[in-house]
Every structure is written in C-alpha cells, then in structure tokens.
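The values are calculated or read from the model by the stated rules, or taken from the named source; none is laboratory data. These figures come from a predicted structure and were not determined experimentally. Positions of Cβ are backbone-derived with ideal geometry, glycine not excepted, and every protein chain shown enters the neighbour counts.
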Amino acid sequence: MESRRGQNTGLWGMPFDNAIWQSIAHLGQKFFFPAGTIIRHNQYRGIFYIQKGRVCLSYFSGKGKEVKALYYNQNAIFNEARTFSVLNPDCTFVCVEDCELCFFSREIFKGTDFIRSYPHIIQNLLSTMGEKMLLHYYALTSLRADTDIVNVSRFILQLYREHGKKLTFNIAYSQQDIADILGVHRTTVARAIRKLKEDDILVRMSRYEIVISDLDGLKKVAHDELPDDD
C-alpha cells in the first residue's frame, strides 16, 4: 500500500445504499487502512464494502492530472467494475478517512451458487452499478456542456439535499477540492461563488460551512427543477 497525506471531500458523495452487504460480511476478508492509503485499482479483483470510513475514486489523465470522480461513504461498495471486467484503467481508490473494509473476492461470485443463495445482494449490486453508470454519464456530458456557475450551483444543491435540505450546513470542502472534481481552475470556482453571493443567493460558502439565502434562485441558476418539498 502507498500512503499520501491530506483529506478531500467531493461532489459525487452519493449515498449508495449497500448496507445489505453487511449481512454477508462472514464471506469476506477484513481490512483496515489508515487515512491516506492508496488502493490501486489493479491490485484487487473483488468488491470492497465500507463498514467504516470514506473512500475516493480518482482517475489520472495522460498528463498526470488527477480527477476525483466519486466518493464512497460508510455502507457503500466499490471496485465492482474491476471485479467483473478485464479492463485495467489508470485509477485509484484513496482512503480519505480511516477505513474498515470487508473484501469479497470475485471467486465467490463465480457460478450460480452465490446468485441462488443471495439474490438480494445481486439485485443491490446491479442497482448500484446502474446508478454509478448514470453518474459517470452525467460527468461526461453535463459538466462539459454547462457553464461553470451552473455546475457549481448544482454542486451546492446536491450538498444541500445530502445534508437534509437545510439552508445552513457544515462541510469540509476547499475551493481547490471543488475545482478538482469539476475539472476547472480554482479561480473559476471562486468567481462562481462570488457571483452567487453578489446575487444574494449565497450568504457564505467557506471551507467549513454553506449558508443559502435564496434556494429558488440557486435552483434557477442550476437549471434544476427537482421538487424539494418534504
């Protein structure tokens, strides 16, 4: 294992619902990785289940630029694609917190015995892989087609929904973290945030807190029509 310092938090921290995998933890192998540990994509052929901690999926361009793609929280699974594919993309998983993981070797998925014994796990696996495919598709299309302020606004809206639809909530994001995920320069993110403040849509967006003053205005900028009524 390699290790690197620093902790990042990102846009695609989707709350994947894989808690059901805890029911088959007895079939897996337990791992503990400290924060900063790098898990190479080509190092393991199997699925990881996060019992505790947080993991980031990063890709590297031909020029060596790192692009953060997805964040996996507690009760999420990751590395499904590597488990069932012969492809070997240049990507890594980084433990952004101390992680307790349960590893399921791809050997247990061979044949039909596992499918017959645990159809609910297979159903959950397919659903999760479908969600991740849609997220990657979104990243390849919308993030390139829309303007920077639209993408930053969508970033904030997703955080708003992940934090219980509160207009004020705590985060742990730097502008550089956001820029890395959106694939833009930090100053581009800073300009977008400044414009949202000037338009009285945001009161504050620091590394530790976001305060939204005009939710409808934020949704309008983001071209977001999802209902937020509870």
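Some observations on this one:
- Where a residue in the stretch 91-118 is at pLDDT 95 or above and its partner, wherever it lies, is of a type in the set (A, V, I, L, M) and assigned to a strand (DSSP E or B), with Cβ under 8 Å and at least six apart: Cys99/Ile50; Cys99/Val55; Glu100/Ile50; Leu101/Ile50; Phe103/Ile47; Phe104/Ile47
- Residue count for the stretch 168-177, restricted to those that are closer than 16 Å to Ile201 by Cβ and surrounded by fewer than 14 Cβ atoms within 10 Å (Cβ to Cβ): 1.
- So Tyr160, is it touching a Ser or Thr at 6+ places or on another chain (Cβ under 8 Å) and either in the same structural domain as Val96 (by TED's automatic domain parsing) or among the hydroxyl-bearing types (Ser, Thr, Tyr) (or both): no
- Answer residue from the stretch 86-120, given it is under 17 Å from Gly53 (Cβ atoms) and of a type in the set (Val, Ile, Thr) and is surrounded by the fewest Cβ atoms within 10 Å (Cβ to Cβ) among those: Thr92
- All of Phe33, Phe16 fail the test of being touching a strand residue (DSSP E or B) at 6+ places or on another chain (Cβ under 9 Å), over 19 Å from Asp180 (Cβ atoms) and modelled with pLDDT of 95 or more, apart from Phe33.
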